[in-house]
Amino acid sequence: MRQTETLLSTFIVSLIDQIDPKGRVHCSLNINTETGRLSSRRPNLQNQPALDKDIYKTRVAFEAAPGNKLIIADYGQLELRILAIITNCKSMIEAFKQGGDFHSRTAANMFSYIKKELEEGKILLEKGKSTEDGTGPEIPLLKDKYANERKKAKTMNFSVAYGKSAFGFAKDWNCSVEEAEKFVALWYSDRPEVKEWQEKTKRIAFERGYTKTLMGRYRILTKHFIGNNKKHILHGLRAAINTPIQGGAADIVIAAMVKLKHCKELKELGWSVIHQIHDEVILEGPQESAEIALKLVRELMENPVDTQLAVKLETDAKICDNWYQSK
């Protein structure tokens, strides 16, 4: 009952109260955040129910005007790609170049027995392959046979990069700190460049009182290193390595939004950006030009800056009638 009441009061009733005469809801986007990611308020349209919890299908209500379509474009694993770029990590760059399931590739590199089975053809990274003559049993996927190892690899991909410690993993996984330390060491063994970048970035932050993003935006951290408060210092060191990743992702999305805004072809077709949700951008425009606009959006978002990046910024873009259809 409490969950349902929260869903109704936060995401449905409050939105109904803020609909304008044209049936639209407008929010305020704040650019003055510590990492550079846009935040949303009055109402918070970046915070809508997760699809698995959206029992009322709230996102269906966010729909294109009659005769229009939405293009919903979402960057794939953007923060991990930013990490690969700023650290110049050979293993991560190669994994992204090869494509496929990034977390399965991480698990294969972390656990030698998984890598061996992969090389011997006993397991696969991707679906669609089986025995050559098609008569034998289908070869299992790594993510199915070694789901636990892949889950650990996925968790570490998103957590170690942000400075999570072995103590934190031990608490999450209900194992000893020593066992968690082994997993952390395995993750870093394939990504020494990440460890080196983290240590260097934290040292600069502590000595000079700042960190900066991919595009050179500074975040001042001096206040965290005044005095000997260990909690404040650790928070500052975590922020030193969090900001370049989250802020770097924000740099990319904002650069893409600027290109979308100033794209002459999109303007002439009648398309414009109507919302942004961190790594996702939503545009609206006429139904008849949706396919042409889709190609333009994908091209612009995958090439948001004029310099060549070490990793391709893959974009999943779809033409939809409403926000719910994008997933």
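The values are calculated or read from the model by the stated rules, or taken from the named source; none is laboratory data. None of these values were measured; they are calculated from a predicted model. So basically every Cβ, Gly included, is an ideal-geometry build from the backbone, and we count neighbours across all protein chains shown.
Some observations on this one:
- Hits in region 139-159 (condition: of a type in the set (A, V, I, L, M), more than 25 Å from GLY236 (Cα to Cα) and assigned to a helix (DSSP H, G or I)): LEU142, ALA147, ALA153
- Within region 160-206, the set of residues being part of a loop (DSSP other than H, G, I, E, B) and either touching a residue at least 40 places away in the same chain (Cβ under 8 Å) or under 24 Å from HIS224 (Cβ atoms) (or both) comprises GLY163, LYS164, SER165, ASP190, ARG191.
- Only residues that are in contact with a Phe, Trp or Tyr (Cβ under 8 Å, 6 or more places away or on another chain) and in contact (Cβ under 8 Å) with a residue 12 or more places away in the chain were counted in region 216-232, giving 4.
- Tabulated pairs, region 283-297, first within 11 Å of GLY270 (Cα to Cα), second of a type in the set (Ser, Thr, Tyr), C-beta under 8 angstrom, 6+ apart or interchain: LEU283/SER272; GLU284/SER272; GLY285/SER272
- Index of the failed condition, ARG238 passing every other in (1) free of Cβ contacts under 8 Å to residues at least 60 places away in the same chain; (2) not assigned by TED's automatic domain parsing to the domain that holds ARG59: (1)
- Per-region count, region 222-238, residues closer than 16 Å to TYR162 by Cα and crowded, with 20+ Cβ neighbours inside 10 Å: 2
- Restricted to region 297-327, and to residues there that are β-branched (Val, Ile, Thr) and out of contact with any strand residue (DSSP E or B) (no Cβ under 9 Å at 6 or more places or on another chain), the residue that is farthest from ILE72 (Cα to Cα) is THR307.
- Residues located in region 52-110, provided they are part of a helix (DSSP H, G or I), acidic (Asp, Glu) and surrounded by 19 or more Cβ atoms within 10 Å (Cβ to Cβ): GLU79
- Across region 1-51, the number of residues qualifying as hydroxyl-bearing (Ser, Thr, Tyr) and either at pLDDT 85 or above or not in a helix (DSSP H, G or I) (or both) comes to 5.
- Region 269-314, subset modelled with pLDDT of 95 or more and among the hydroxyl-bearing types (Ser, Thr, Tyr), residue farthest from GLY216 (Cα to Cα): SER289
- Residue in region 209-217 that is surrounded by 12 or more Cβ atoms within 10 Å (Cβ to Cβ), in contact with a helix residue (DSSP H, G or I) (Cβ under 8 Å, 6 or more places away or on another chain) and assigned to a helix (DSSP H, G or I) present: no
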